[in-house]
């Protein structure tokens, strides 16, 4: 088990390093922040002073070395907009994104397991076909379209739900529903397919011959063996939620790290953007390692392969 996890950590470090260097260079392609933060009437001396104050007058390689040195000392610099610590701003916004992603993924898993098991228990029945149709439709709907339709129907037309903020529980409904629709559809299809295979396996027929009830067969025998492929897809979807929450956060004014990242790009706040991207990448790295550990616990073949 430890050997497998150690290999996964080593192989996952390379993408993290690529993100580390990539965000530094790509952030600087957005333009010179001097033109954004100083008025048009600023003198050359004022521009030079601003650039020197924020280290923008240094060669790019020197800026990169300072950036890496700061990361080693957990110093991500200060925001050009507010003068606050970039790390503090990213850490303050990140819990809102995690809350949104966690609630969405929890509802997606519960819904997919319930609908997928129900559909797989009677394959090719009317219920199975209805569940498959709805899940495929849900998996195909773009997030932004669902968000716009949700605002138009439930906020503008009916006036039931707010369009932004986190001030009330009702403000969570549209963002979670928008993020939920696609993971629920994809995961339902995966759970349904895995359960159909598991329910036709010999060990399930053996359990039935020993008098096991339908509920026990589904929950204690088939679902455990169907959980391995479902866990892999759920992990990918969870990673996608953290990354894909950007669109939802911007549309609904959700104060998460995705909205902060977009604001930093528009305002060329390099330090905050770098802190947001790196924090997101590290969280995805940790999430992938956790999913790999769960997968190894569920499937002994994975652990044996790691020993080779």
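The values are calculated or read from the model by the stated rules, or taken from the named source; none is laboratory data. Values in this document were obtained by computation on a predicted structure and should not be read as measured data. Backbone-built Cβ (ideal geometry, glycine too); neighbour counts: all protein chains shown.
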Selection status of residue 242, modelled with pLDDT of 70 or more, crowded, with 17+ Cβ neighbours inside 10 Å and under 30 Å from residue 88 (Cβ atoms): yes
Scanning for something at pLDDT 75 or above, within 30 Å of residue 31 (Cα to Cα) and part of a helix (DSSP H, G or I), does region 232-239 turn up at least one residue? yes
Quickly run through region 130-161 and pick out the residues that are part of a loop (DSSP other than H, G, I, E, B) and touching a residue at least 12 places away in the same chain (Cβ under 8 Å). 141, 161
Among the residues of region 40-57, is there at least one that is surrounded by 16 or more Cβ atoms within 10 Å (Cβ to Cβ) and in contact (Cβ under 8 Å) with a residue 60 or more places away in the chain? no
Residue 124 fails exactly one of (1) modelled with pLDDT of 85 or more; (2) in a loop (DSSP other than H, G, I, E, B), namely (1)
Is there a residue being at pLDDT below 85 and surrounded by 18 or more Cβ atoms within 10 Å (Cβ to Cβ) anywhere in region 80-90? yes
For residues that are surrounded by 24 or more Cβ atoms within 10 Å (Cβ to Cβ) and closer than 16 Å to residue 121 by Cα, tally how many sit in region 179-197. 4
Looking only at residues that are in contact with a helix residue (DSSP H, G or I) (Cβ under 9 Å, 6 or more places away or on another chain), at pLDDT 85 or above and exposed (fewer than 14 other Cβ atoms within 10 Å of the Cβ) in region 138-173, which one is farthest from residue 246 (Cα to Cα)? 160
Restricted to region 17-39, and to residues that are more than 13 Å from residue 277 (Cα to Cα) and assigned to a helix (DSSP H, G or I), which residue is nearest to the chain's Cα centre (by Cα)? 28
All but one of (1) in contact (Cβ under 8 Å) with a residue 60 or more places away in the chain; (2) surrounded by fewer than 22 Cβ atoms within 10 Å (Cβ to Cβ) hold for residue 106; which doesn't? (1)
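Find the residue count for region 36-46, including only residues that are closer than 19 Å to residue 271 by Cα and modelled with pLDDT of 75 or more.
So the count comes out to 2.
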